[in-house]
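Trainee: Submitted below is the structure of interest, expressed as structure tokens.
The values are calculated or read from the model by the stated rules, or taken from the named source; none is laboratory data. Treat the numbers as computed from the prediction; the structure is a model and nothing was measured. Neighbour counts run over all protein chains shown; Cβ positions are idealised from the backbone, glycine included.
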Amino acid sequence: MAILSSPAEPAHPVASRGGIRRLPLGLLPALIFLAVFFAAPLLINLLESLRGPGETHSLAQFARIFGDAYYLTVIGQTLLFGLVVTLACALLGYPLGYAVARTEGTFKVVLIFLVVTPLLVNVVVRSFGWLVILGGNGAINAGMRALGLPKLNLIYNWTGVGIAMVHVLLPFMALSVAGTLETLDRRIEEAARVLGAPPHRLFWHVTLPMSAQGLITGSILCFTLSIGSFVTALLLGKNSTMVLPLLIYQQLTVASDWPFAAAMGVTLLILVSAILWLQGRLVGEPRGRP
Amino acid sequence: MSKLPPALTVYIVIMALFLVAPIVVVVIAAFTSGDFITFPPQSFSVRWFDKVLSDPEFISPLWNSVRLGATATIVASALAVPAAMALVRGNVRRRRLIESLLLAPLSLPTIILAVGLLFFTAQIGLGASFTSLVIGHVVIVIPYVLRTVLGVYMSANHEAEDAAKVLGANPLQAFWHVTLPTIWPGILAGGIFAFLMSFDEVAVSILLSNTDTTPLPVSILSYLVYNYDPSVAAISTIQIAIVILVLLILERVFGIRNVMFASR
Amino acid sequence: MRRFLVAALAASLINPIPLFAQSAKPDKIVVAAYGGIWAESIKKNFVPCFEKKTGVKVDVITGESADWLTRIRANPNRPPIDILALAEADSLRATREGLLDQATIEKVPNLADIPDKFHKPWGDHAIAQNVGALGVMYNKEAIPNPPKSWREFLDAVADGKFGKRVSLPAGTYTWGPEFIWLASQQYDGDIDAAFAKLKAASEKSVVKFWTTPVEALNLFGTKEVDAVVYWDGRSNNFIDKGNNWAGFYIPDPGTIVGQAMLSKAKNAPDIAWDYINCALEPENQLKHAETILYAVPNQKVVYPPSIKDKVVSADRILIPPYDKVFDSFGSWIERWNKEIR
């Protein structure tokens, strides 16, 4: 069994020597598995979204989405929400990742555990935990009352949903950034320092650009996860904080309108893919060692 | 010890509070003697732990989630590792396209996948079963393992691998003795994420589970629909303890500090 | 003998079901139930009757109406669930899609004692097993004199009389459309008036429209709200746990109910009818009522004084005319999303 289709080769793919390149065997199990169990359900969904009355096919469901200002608003809200959450994750998560990468020993292990903590509990239970903290009678407002300050409205709005979303996505961002920083060649930083660069210049002009890859990877993950989630919005939001996955869930359950839900699902998938593709074009292909 | 600037250390402390806050709340709530998850709790007791530990409605699902997560992670790794290696060294045409295809499940809201899989597995005769659940979870978690293994393998030095082959090792030997130890941190990191994501998965689990394969999130949700008491907090605390235990063991055995970074 | 066996084998390969269906007993049936105390109750009060009578085991699967409907839609020929507990709207959908079998007095003798309104709207494809009524649970200290009728209550909430301290069921909750219908009935059936009131309520009084019962209970229990429109069984359960500061009542003139309906999936084994019969048996119905504190439909049931005041009496139950309003549900949900912020 040949795992690699060709013998010893440099890390960077070189131009093929003409002829048709076969797909390496190693790719086949994953591709076949996903072709069957990922593409097939997608196809079923696509067909369902095109289902008209009787046995006909039509784009009626898509017309419903794109012809209605409300649904377009929901799409817009969802994307905007994803963007804001991703930005917050990047800003808050980068320093965390930096700290993880630049520490050693026990402190590092403790930091890693801390960073991973949000992922330890199920989303439903986590959301109830947030209600206890952010609620009108919750911990934060209890503190506000004690200090004689006005009540903060932190739940049943975008703020609450956003806080909970950023919380659970931070591990992904922090560890992506840490990963890139870990594998960076420290000698470049050393060289810059030896050449007299002050710490903040070192950071902005050397460290940050070199760790951009980690930021981008983390951002992609944060963005796709934030616009695909609905449980947080269901429990911590209200009707006006409607996002597309929640609408899909609602149409599948209480309205039992599968074609409509399927059309929204297809729309969401296309949107995410388009954004990822755009990002790929703008940023360019990542290389191994710079 | 840390060589971090003091401002950063302060930031870390504040963020640490943020990161653990809801978890701490849940754990404290598990020890409340009252019938509600309130804060601060009025008095303490362990009666909720008694209840969930003796209630098959919680304990079986916990075990189901563990074996589901483990199985899905192992299968996903078995699929992702050869794929990652092929992508990096296999000189594949349209490499980026294939990579995006393999990572595509990340972009799909799991509820869409869940409904599609439900109908698909019904048509191929599988129905709601452990196999269907594993399939659904594998689709969802493959990208996590693939990403991290790609990251490590891409930035790894391939000379040792090539040398082994030149010296006469067959591909399998080269993989086992040279490549695997190199990419092992990537597999472990991706595997941990995969396991945690599987534990958290709701939509697929709801639709593809049956009576003896119900995973924990589903049983918690069913319970929560009509009951609201700290048993949910108690079972979640037990779940947290198990995951922390597993992570600690991994840290002792493999050195997690070397492991968690392997992503691009 | 050999020829017979070969013929039987051949027949079973071509068409397994006819050869075995009537004579073979399944080793188990799958029954759906809501989680927590529901599942406990049916395991305690319905399952033993069936298992003793037929020797067939029962596997209880918990979840929600929408999931069960999706599952039998996905696999109509080999339904993964034999006895469903769908909500009214989902029962109607399943009936229309031909996914349920029709009950008869021959198959389910106890059907004779169930009043028509609990099964006729579904053409006997679904029969209520318990009936929960929507009422108002309130904080007696904050609201000493709650409004007597639904109309007064809705008007008060639309005017913000209780402050931003109220929770109502969301239009997107399982029984949300029925709640919208109930509201419209207070204004002579005018849906627009109902929506106007609910919209005003969302601006002035409602902290959150609850989408799962546990949210409602949490909002009330943590005193985030002073009044919540909620189910009688759950409310009485909460009050009985020592929360004497809370009260519950059903406003005039009556209220809608949430029914957990019993249905046998098409292509599920016939022996499953015996389960439905067990569930509708008067003694079992009474025990079920005592466990979950909801009313039961069997008219032979006589409630003891301990629970008589807690479960809704049949004369206060209003059932929406599903054949007329069901098709509007989809548009009401859409309207809810657009108008109620």
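Trainee: Would you mind listing the helices (runs of 4 or more DSSP H) fully within the range B:171-217 where at least 3 residues are within 12 Å of chain C (Cβ to nearest Cβ)?
Mentor: Details: elements: B:171-174, B:180-200, B:203-208.
In the range B:171-217, B:203-208 are the helices (runs of 4 or more DSSP H) which contain 3 or more residues that are within 12 Å of chain C (Cβ to nearest Cβ).
Trainee: Residues in the range C:229-243: is at least one away from chain A (no Cβ under 14 Å), in a loop (DSSP other than H, G, I, E, B) and not charged (D, E, K, R)?
Mentor: So in the range C:229-243, the residues away from chain A (no Cβ under 14 Å) come out as C:229-243.
From what is left, the residues that are in a loop (DSSP other than H, G, I, E, B) are C:241-243.
If we keep only those that are not charged (D, E, K, R) too, we end up with C:242-243.
Yes: the range C:229-243 contains one or more residues that are away from chain A (no Cβ under 14 Å), in a loop (DSSP other than H, G, I, E, B) and not charged (D, E, K, R).
Trainee: Follow-up question, since we're still on this one. Looking at C:Leu198, is it in contact with a strand residue (DSSP E or B) (Cβ under 9 Å, 6 or more places away or on another chain), under 22 Å from C:Asp315 (Cα atoms), assigned to a helix (DSSP H, G or I) and touching a residue at least 60 places away in the same chain (Cβ under 8 Å)?
Mentor: Considered against the rule, which asks whether it is in contact with a strand residue (DSSP E or B) (Cβ under 9 Å, 6 or more places away or on another chain), under 22 Å from C:Asp315 (Cα atoms), assigned to a helix (DSSP H, G or I) and touching a residue at least 60 places away in the same chain (Cβ under 8 Å), C:Leu198 comes out as no.
Trainee: Residue under question is A:Val206, and the condition is that it be over 21 Å from the mean Cα position of the chain (by Cα), of a type in the set (Val, Ile, Thr) and in a helix (DSSP H, G or I); does it hold?
Mentor: yes
Trainee: Right, another one. For the range A:61-75, which residues satisfy the criterion of being of a type outside the set (Val, Ile, Thr) and assigned to a helix (DSSP H, G or I)? Before the answer, list the steps.
Mentor: Restricting attention to the range A:61-75, the residues satisfying the condition of being of a type outside the set (Val, Ile, Thr) are A:61-64, A:66-72.
If the condition is that a residue be of a type outside the set (Val, Ile, Thr) and assigned to a helix (DSSP H, G or I), then A:Gln61, A:Phe62, A:Ala63, A:Arg64, A:Phe66, A:Ala69, A:Tyr70, A:Tyr71, A:Leu72 are the ones that fit.
Trainee: Please tell me if B:Ile23 is of a type in the set (Val, Ile, Thr), within 21 Å of B:Gly186 (Cα to Cα) and in contact with a Leu (Cβ under 8 Å, 6 or more places away or on another chain). Before the answer, list the steps.
Mentor: Numbers: of a type in the set (Val, Ile, Thr): yes; within 21 Å of B:Gly186 (Cα to Cα): no; in contact with a Leu (Cβ under 8 Å, 6 or more places away or on another chain): yes.
Taking the combined requirement at face value, the residue does not satisfy it.
Trainee: Find all pairs meeting these conditions: Cβ atoms under 7 angstrom apart; at least six residues apart or on different chains; first residue within the range C:148-160 and within 14 Å of C:Gln185 (Cβ to Cβ); second residue of a type in the set (A, V, I, L, M) and outside any helix (DSSP H, G or I).
Mentor: C:Phe153/C:Val136
Trainee: With the requirement that a residue be farther than 18 Å from B:Leu8 by Cβ and touching a Cys at 6+ places or on another chain (Cβ under 7 Å), what does the range A:73-108 give you?
Mentor: Passing the criteria: A:Val85, A:Thr86.
Trainee: Something else: Residues that are on the phi > 0 side of the Ramachandran plot and in contact (Cβ under 8 Å) with a residue 60 or more places away in the chain: does the range A:150-158 have at least one? Lay out the reasoning, then the answer.
Mentor: Of the range A:150-158, the ones on the phi > 0 side of the Ramachandran plot are A:156.
Keeping just the survivors that are in contact (Cβ under 8 Å) with a residue 60 or more places away in the chain gives A:156.
Taking every residue of the range A:150-158 in turn, at least one turns out to be on the phi > 0 side of the Ramachandran plot and in contact (Cβ under 8 Å) with a residue 60 or more places away in the chain.
Trainee: Taking the conditions exactly as written (in the same structural domain as C:Arg234 (by TED's automatic domain parsing) and either under 26 Å from C:Glu283 (Cα atoms) or not charged (D, E, K, R) (or both)), does C:Val136 satisfy them or not?
Mentor: So C:Val136 passes the test.
Trainee: Tell me, please, whether a residue that is assigned to a helix (DSSP H, G or I), within 30 Å of B:Ser60 (Cα to Cα) and either among the hydrophobic types (A, V, I, L, M, F, W, C) or in contact with a Gly (Cβ under 7 Å, 6 or more places away or on another chain) (or both) can be found in the range C:83-90. Write out each step before concluding.
Mentor: Step one: filter the range C:83-90 for residues assigned to a helix (DSSP H, G or I), giving C:88-90.
Add one more test, that the residue is within 30 Å of B:Ser60 (Cα to Cα), and what stays is C:90.
Going one step further and asking which of them are either among the hydrophobic types (A, V, I, L, M, F, W, C) or in contact with a Gly (Cβ under 7 Å, 6 or more places away or on another chain) (or both), we end up with none.
No.
Trainee: OK, next. Scan the range C:45-54 and tell me whether some residue there is at negative phi, assigned by TED's automatic domain parsing to the domain that holds C:Cys278, modelled with pLDDT under 90 and loosely packed, with under 12 Cβ neighbours inside 10 Å. Give the derivation first.
Mentor: Taking the range C:45-54 first, the residues at negative phi are C:45-54.
Next, only the ones that are assigned by TED's automatic domain parsing to the domain that holds C:Cys278 stay: C:45-54.
Filter once more, so that each one left must be modelled with pLDDT under 90: none.
No: the range C:45-54 contains no residue that is at negative phi, assigned by TED's automatic domain parsing to the domain that holds C:Cys278, modelled with pLDDT under 90 and loosely packed, with under 12 Cβ neighbours inside 10 Å.
Trainee: Among the residues of the range A:25-49, which ones are facing chain B (nearest Cβ under 8 Å) and either in contact (Cβ under 8 Å) with a residue 24 or more places away in the chain or among the basic types (Lys, Arg) (or both)?
Mentor: Those that are facing chain B (nearest Cβ under 8 Å) and either in contact (Cβ under 8 Å) with a residue 24 or more places away in the chain or among the basic types (Lys, Arg) (or both): A:Leu25, A:Leu42, A:Asn45.
Trainee: Continuing with the same structure: Can you find a residue in the range C:85-104 that is more than 20 Å from C:His119 (Cα to Cα), without any contact (Cβ under 8 Å) to a residue 40 or more places away in the chain and outside the structural domain of C:Gly176 (by TED's automatic domain parsing)?
Mentor: As a first pass, look at the range C:85-104 and keep what is more than 20 Å from C:His119 (Cα to Cα): none.
Within the range C:85-104 (the criterion being more than 20 Å from C:His119 (Cα to Cα), without any contact (Cβ under 8 Å) to a residue 40 or more places away in the chain and outside the structural domain of C:Gly176 (by TED's automatic domain parsing)), the answer is no, since none of the residues qualifies.
Trainee: Only one of C:Asn218, C:Asn284 is in a helix (DSSP H, G or I) and either touching a residue at least 40 places away in the same chain (Cβ under 8 Å) or within 21 Å of C:Leu154 (Cβ to Cβ) (or both); which? Full working, then the answer.
Mentor: Values: C:Asn218 fails: either touching a residue at least 40 places away in the same chain (Cβ under 8 Å) or within 21 Å of C:Leu154 (Cβ to Cβ) (or both).
Checking each option against the conditions leaves just C:Asn284.
Trainee: Return a yes/no flag: does the range C:71-78 have any residue that is touching a residue at least 12 places away in the same chain (Cβ under 8 Å), in contact with an Asp or Glu (Cβ under 8 Å, 6 or more places away or on another chain) and within 30 Å of B:Ala114 (Cα to Cα).
Mentor: Initial filter on the range C:71-78 (touching a residue at least 12 places away in the same chain (Cβ under 8 Å)): C:72-73, C:76-78.
Applying the additional criterion that residues be in contact with an Asp or Glu (Cβ under 8 Å, 6 or more places away or on another chain) yields C:73.
Filter once more, so that each one left must be within 30 Å of B:Ala114 (Cα to Cα): C:73.
Yes - at least one qualifying residue is present in the range C:71-78.
Trainee: Shifting gears a bit: Pick out the one residue from B:Ala122, B:Ala189 that is more than 25 Å from A:Val121 (Cα to Cα) and small (Gly, Ala, Ser). Before you say what the answer is, go through the steps one by one.
Mentor: On the way: B:Ala189 fails: more than 25 Å from A:Val121 (Cα to Cα).
Exactly one residue qualifies, and that residue is B:Ala122.
Trainee: Could you identify the single residue in C:Ala289, C:Ala279 that is farther than 30 Å from A:Tyr249 by Cβ, buried (at least 17 other Cβ atoms within 10 Å of the Cβ), in contact with a Leu (Cβ under 9 Å, 6 or more places away or on another chain) and hydrophobic (A, V, I, L, M, F, W, C)?
Mentor: Working: C:Ala289 fails: in contact with a Leu (Cβ under 9 Å, 6 or more places away or on another chain).
Criteria check complete, one pass: C:Ala279.
Trainee: Could you tell me whether A:Tyr98 is over 20 Å from A:Leu215 (Cα atoms) and touching a residue at least 60 places away in the same chain (Cβ under 8 Å)?
Mentor: Details: over 20 Å from A:Leu215 (Cα atoms): no; touching a residue at least 60 places away in the same chain (Cβ under 8 Å): yes.
Here the answer is no, as A:Tyr98 does not meet what is asked.
Trainee: Considering A:Leu149, A:Leu181, which residue is outside any helix (DSSP H, G or I) and among the aliphatic types (A, V, I, L, M)? Talk me through it step by step, then tell me what you get.
Mentor: Values: A:Leu181 fails: outside any helix (DSSP H, G or I).
Residue meeting the stated conditions: A:Leu149.
Trainee: Hey, among A:Ala142, A:Ala197, A:Ala174, A:Ala191, which residue is within 12 Å of chain B (Cβ to nearest Cβ), of a type in the set (Gly, Ala, Ser) and either surrounded by fewer than 23 Cβ atoms within 10 Å (Cβ to Cβ) or not in a helix (DSSP H, G or I) (or both)? Can you show your working first?
Mentor: Details: A:Ala197 fails: within 12 Å of chain B (Cβ to nearest Cβ); A:Ala174 fails: either surrounded by fewer than 23 Cβ atoms within 10 Å (Cβ to Cβ) or not in a helix (DSSP H, G or I) (or both); A:Ala191 fails: within 12 Å of chain B (Cβ to nearest Cβ).
Result of the check over A:Ala142, A:Ala197, A:Ala174, A:Ala191: A:Ala142.
Trainee: Give the residue, chosen from A:Ala63, A:Ala35, A:Ala15, A:Ala69, that is surrounded by fewer than 15 Cβ atoms within 10 Å (Cβ to Cβ) and at pLDDT below 80. Step through it out loud before you land on a result.
Mentor: Working: A:Ala63 fails: at pLDDT below 80; A:Ala35 fails: at pLDDT below 80; A:Ala69 fails: at pLDDT below 80.
Answer to the check: A:Ala15.
Trainee: If you don't mind, another one. Restricting attention to the range B:176-219, which residues are touching a helix residue (DSSP H, G or I) at 6+ places or on another chain (Cβ under 8 Å) and without any contact (Cβ under 8 Å) to a residue 40 or more places away in the chain?
Mentor: Step one: list which residues in the range B:176-219 are touching a helix residue (DSSP H, G or I) at 6+ places or on another chain (Cβ under 8 Å), which gives B:177-179, B:182-209, B:212-219.
Selection gives B:His177, B:Val178, B:Thr182, B:Asp200.
Trainee: Do we find that B:Ser54 is in contact with a Ser or Thr (Cβ under 8 Å, 6 or more places away or on another chain), polar (S, T, N, Q) and at pLDDT below 90 in this structure?
Mentor: Numbers: in contact with a Ser or Thr (Cβ under 8 Å, 6 or more places away or on another chain): no; polar (S, T, N, Q): yes; at pLDDT below 90: yes.
Against the criterion (in contact with a Ser or Thr (Cβ under 8 Å, 6 or more places away or on another chain), polar (S, T, N, Q) and at pLDDT below 90), B:Ser54 does not qualify.
Trainee: Looking at C:Lys264, is it within 29 Å of C:Thr95 (Cβ to Cβ), among the charged types (D, E, K, R) and in contact (Cβ under 8 Å) with a residue 40 or more places away in the chain?
Mentor: So C:Lys264 passes the test.
Trainee: Which one is nearest to C:Gly63 (Cα to Cα), of the residues in the range C:86-109 that are among the small types (Gly, Ala, Ser) and under 15 Å from the mean Cα position of the chain (by Cα)? Talk me through it step by step, then tell me what you get.
Mentor: Residues of the range C:86-109 among the small types (Gly, Ala, Ser): C:87, C:89, C:91, C:94, C:98, C:103.
Right, trim to under 15 Å from the mean Cα position of the chain (by Cα) and you get C:87, C:89, C:91, C:94.
On the way: C:Ala87: 12, C:Ala89: 16, C:Ser91: 15, C:Ala94: 17 Å.
Only one residue tops the list, namely C:Ala87.
Trainee: Return yes or no: is C:Lys43 away from chain B (no Cβ under 14 Å) and in a helix (DSSP H, G or I)? Talk me through it step by step, then tell me what you get.
Mentor: Numbers: away from chain B (no Cβ under 14 Å): no; in a helix (DSSP H, G or I): yes.
The answer is no for C:Lys43.
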